[in-house]
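Everything on this sheet refers to the single structure shown next.
The values are calculated or read from the model by the stated rules, or taken from the named source; none is laboratory data. Treat the numbers as computed from the prediction; the structure is a model and nothing was measured. Note that we place each Cβ from the backbone using ideal geometry, even for glycine, and neighbour counts take in every protein chain shown. Only protein heavy atoms, including side chains, enter the accessible area calculation; ligands, DNA and RNA are left aside. Shrake-Rupley method; radii C 1.70, N 1.55, O 1.52, S 1.80 Å.
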Amino acid sequence: MAAGTLYTYPENWRAFKAQIAAQYSGAALKVASTTPAFTFGQTNRTPAFLQNFPLGKVPAYQGDDGFCLFESNAIAHYLSNEALRGATPQAAAQVLQWVSFADSEIIPPASTWVFPTLGIMQFNKQATEQAKEDVKRALTVLNQHLNTRTFLVGERISLADITVVCSMLWLYKQVLEPSFRQPYNNVNRWFITCINQPQFKVVLGEVKLCEKMAQFDAKKFAEMQPKKEAAPKKEKAPKEAAKPQEKKEKKKEEKKEEKKPAPEEDMDDCDAALAAEPKSKDPFAHLPKSTFVMIEFKRKYSNEDTLAVAIPHFWDNFDKEGYSIWYSQYKYSDELTLTFKSCNLITGMFQRLDKLRKNAFASVILFGTDNNSSISGIWVFRGQELAFPVTDWQIDYESYDWRKLDSDSEECKTMVKEYFAWEGDFKHVGKAFNQGKIFK
Ligand SMILES: N[C@@H](CCC(=O)N[C@@H](CS)C(=O)NCC(=O)O)C(=O)O
């Protein structure tokens, strides 16, 4: 029987899926959702958390045996018993069908419709109308299916019911007022049956069905906006490098990603939780304007040849008064085990430093093989100080030793060339920090 801890923020409908499944299966599930056990927005950004859950997202599950799992559907599946998962191959496939249906047919329109009513997303009339139609379509499919059935798969509650009910919680609570839901009586009957099962009730509490369709909450939305800036963006962080032997493929992938236009800010229910974080002001606002345009360099680096174009562009435009160049080396090489985990350490750090993307660039390399590796990199920061202490993103930087480079030195030119291009002798690797000041 599975036993472990589910990390989440309170009242997360994605976590409910696993919690309800555990109620049925008897899995011993502890929920860590409040300080000090877990603080959303903080604990999930620590290196220790990211080592196990590279996306830093919740819900995330860690078994008492160390087994780690992210993605709410996978966690709920793991914590289920055979009856919930579907005892025959057909039933199991049908469960998967409804789980996927919830993710692709219910969640997207439900989010578009409900989030503005919670003040966590701007209202768009056309999108909302379309979302309503899409919800109606999903409800029609469910209603037809439930016309001759009590539950979605077989004769008993399965993970299909748990997942679909959880995905519809916000709809039923916020917007499916009696007249809107009236044509879908089979769905209503099924939903009410499910939420009244003791195993659901103990997790969900009393679910109060919507009496009047909630509308866009402009006031709440306005209140959320300034704080929202404090939330990390969800697009790619500064440039990252892989170990040299993997670099070509990785480089191609990254180029593809960086050529895409910046994605729309995709907001979800967790943004509301993140928005509660205090707003941070621009820590570089006091610096004189610089002639070095970071974004322009990044564009060159992403889209053009590194040695022939990007590096010459860098040195032609680099402003040593406005920016500084740093060498970093991970302090705990002895603790690095599998290379993919170490890569996660790097990408996790970049993800969390995304708010520095206008003011920083980094190329970090993992050298070596499983159980014998080191991480080091070159960073370019706005200003003359390490950016971490002057911003509020200090978690990972303490795991590295930092040395400021003299941008006019040959050493710096060589390191920039090697780390930016991910090729060269990397002579200093292994005997780093034998000169210059070490910042810890
Ligand atoms: N598909 C994932 C979605 C997980 C997810 O998006 N989690 C959000 C909370 S709703 C999160 O942890 N975000 C934190 C972040 O992006 O930093 C699942 O179902 O588990």
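Among 302-315, 13-26, what's the highest-first ranking by average C-beta atoms within 10 angstrom per residue? Write out the running numbers ahead of the final one.
On the way: 302-315: 14.6, 13-26: 23.4.
Result, highest mean first: 13-26, 302-315.
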Task: Fully extended contour minus Cα-Cα distance, from residue 384 to residue 319, at 0.36 nm per residue - done: 22.3 nm
- [ ] For residue 30, list long-range residues whose amide hydrogen, built 1.01 Å from N in the peptide plane, is under 5 Å from its own amide hydrogen.
- [x] 4, 5, 6
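Checking the table 125/220; 298/413; 30/331 against a 27 Å threshold on Cα-Cα, which pairs fail?
Long pairs (Cα-Cα over 27 Å): 30/331.
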TODO: Return the FRET efficiency for the residue pair residue 414, residue 196: r is the Cβ-Cβ distance, R0 is 56 Å, and the value is rounded to the nearest 0.05.
DONE: 0.20
Open item on the list: Placing unit charges on C-beta atoms (Lys and Arg positive, Asp and Glu negative, everything else neutral), compute the dipole magnitude of the stretch 3-79 about its Cα centre in debye, rounded to 20.
Closed with: 160 debye
- [ ] Filter the chymotrypsin sites (Phe, Trp or Tyr not before Pro) in the stretch 32-125 to those in DSSP coil with at most 14 other Cβ atoms within 10 Å of their Cβ, and list the result.
- [x] 67
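Which value, in Å², gives the accessible area per residue of the stretch 3-79 when a 1.4 Å probe is used on the protein heavy atoms?
On the way: 3100 Å² over 77 residues.
On a per-residue basis, 40 Å².
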- [ ] Just read off the accessible area of residue 68 with the full protein assembly in place, 1.4 Å probe, to the nearest 10 Å².
- [x] 40 Å²
Open item on the list: Quick check: Cα centre of the stretch 118-187 to Cα centre of the stretch 284-344, how many Å?
Closed with: 48 Å
TODO: Considering only protein heavy atoms, with the full assembly of protein chains and a 1.4 angstrom probe, order 224, 294 by accessible area, largest first.
DONE: 224, 294
Task: Segment residue 67-residue 11, length gained on full extension (0.36 nm per residue, minus Cα span) - done: 17.8 nm
Task: the stretch 83-204: Rg to Rh, with Rh as the Kirkwood radius over Cα pairs - done: 0.98
Task: Estimated distance in nm for a label pair at residue 173 and residue 293, the labels positioned 7 Å out from Cα along Cα-to-Cβ - done: 4.7 nm
Open item on the list: Suppose R0 equals 56 Å. What FRET efficiency, 1/(1 + (r/R0)^6) with r the Cβ-Cβ distance, do residue 104 and residue 35 give to the nearest 0.05?
Closed with: 0.95
Task: Cα-based convex hull volume of the stretch 3-79 per residue, rounded to whole Å³ - done: 78 Å³
Task: Computed FRET value (nearest 0.05) for residue 358 with residue 211, which takes r as the C-beta separation and R₀ as 60 Å - done: 0.85
Task: Segment residue 145-residue 88, length gained on full extension (0.36 nm per residue, minus Cα span) - done: 18.6 nm
Task: Sparse-neighbour loop sites [GluC sites (Glu not before Pro); the stretch 68-130; at most 16 other C-beta within 10 Å; DSSP] - done: 71
